[in-house]
Amino acid sequence: MNLGGAMADFDDKKNSATSKAIIFLVEDRSTQAELIVLLLNKIGFNKVRVFLDANSALEAFHDNPEAVDMIISDFNMPEMSGVDLLIAVRTSKFNNKVPFVVVSGIHNTNAALTASHHGADAFIAKPFDHYKLAEKIKPLLLHQSVSLT
């Protein structure tokens, strides 16, 4: 049995999902945002829109919800938290199933459980490297691209 063709198709879908995916990154600290963008670029994600507050990200999401393939948001931010943004996205009329990843410097299970309870697809504790980031987000985008085809 030759699975070479099937593996090639899987890799093509994975690379296509990576290179074409538009990610909204919501992080209130610009240095953290820059670092996460570098990590995303390192694993093949080059279309990253950075928002330094959740309100701006939510406004951009509402303006064109189908133009975002994933949201990565910090957990703890002023004015609107990452969980509040998650709730707003999940209760939206359009694209409310968009993969949503919460990242946090808070290292306790309550933060992860809160994010999960409100519909986060993944939770990543800071600091993290590109391997951990890829491990968490690539399967979410691959699943999304396969289910949409």
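The values are calculated or read from the model by the stated rules, or taken from the named source; none is laboratory data. These numbers come from a predicted model, not from an experiment. In this analysis, Cβ positions are derived from the backbone assuming ideal geometry, glycine residues included, and neighbour counts consider all displayed protein chains.
Brief remarks on what is shown
- Checking LEU39 against (1) more than 18 Å from ILE22 (Cα to Cα); (2) surrounded by 15 or more Cβ atoms within 10 Å (Cβ to Cβ), the condition it does not meet: (1)
- For region 85-93, the condition holds for no residue, the condition being that it is in a loop (DSSP other than H, G, I, E, B) and buried (at least 17 other Cβ atoms within 10 Å of the Cβ).
- Residue within region 9-22 that is under 17 Å from PRO99 (Cβ atoms) and at pLDDT 95 or above present: yes
- Qualifying residue in region 49-71 (condition: surrounded by 14 or more Cβ atoms within 10 Å (Cβ to Cβ), assigned to a loop (DSSP other than H, G, I, E, B) and in contact with an Asp or Glu (Cβ under 8 Å, 6 or more places away or on another chain)): yes
- Among the residues of region 91-109, just one is among the aromatic types (Phe, Trp, Tyr) and at pLDDT below 95, namely PHE94.
- Of the criteria (1) part of a strand (DSSP E or B); (2) under 23 Å from ASN46 (Cβ atoms), which one PHE123 fails: (2)
- Screening ALA67, ALA88, ALA112, ALA54 for residues that are of a type in the set (A, V, I, L, M), modelled with pLDDT under 95 and more than 22 Å from LYS20 (Cα to Cα) leaves exactly one candidate, ALA112.
- Total residues in region 89-134, condition closer than 18 Å to ASP69 by Cβ and within 15 Å of the chain's Cα centre (by Cα): 18
- ASN76 out of contact with any strand residue (DSSP E or B) (no Cβ under 9 Å at 6 or more places or on another chain) and not in a strand (DSSP E or B): no
- When residues of region 97-120 are limited to those that are assigned to a strand (DSSP E or B) and not aromatic (Phe, Trp, Tyr), the one surrounded by the fewest Cβ atoms within 10 Å (Cβ to Cβ): SER104
- Note on region 121-149: among residues that are among the β-branched types (Val, Ile, Thr) and within 16 Å of ASP74 (Cα to Cα), the one that is surrounded by the most Cβ atoms within 10 Å (Cβ to Cβ) is ILE137.
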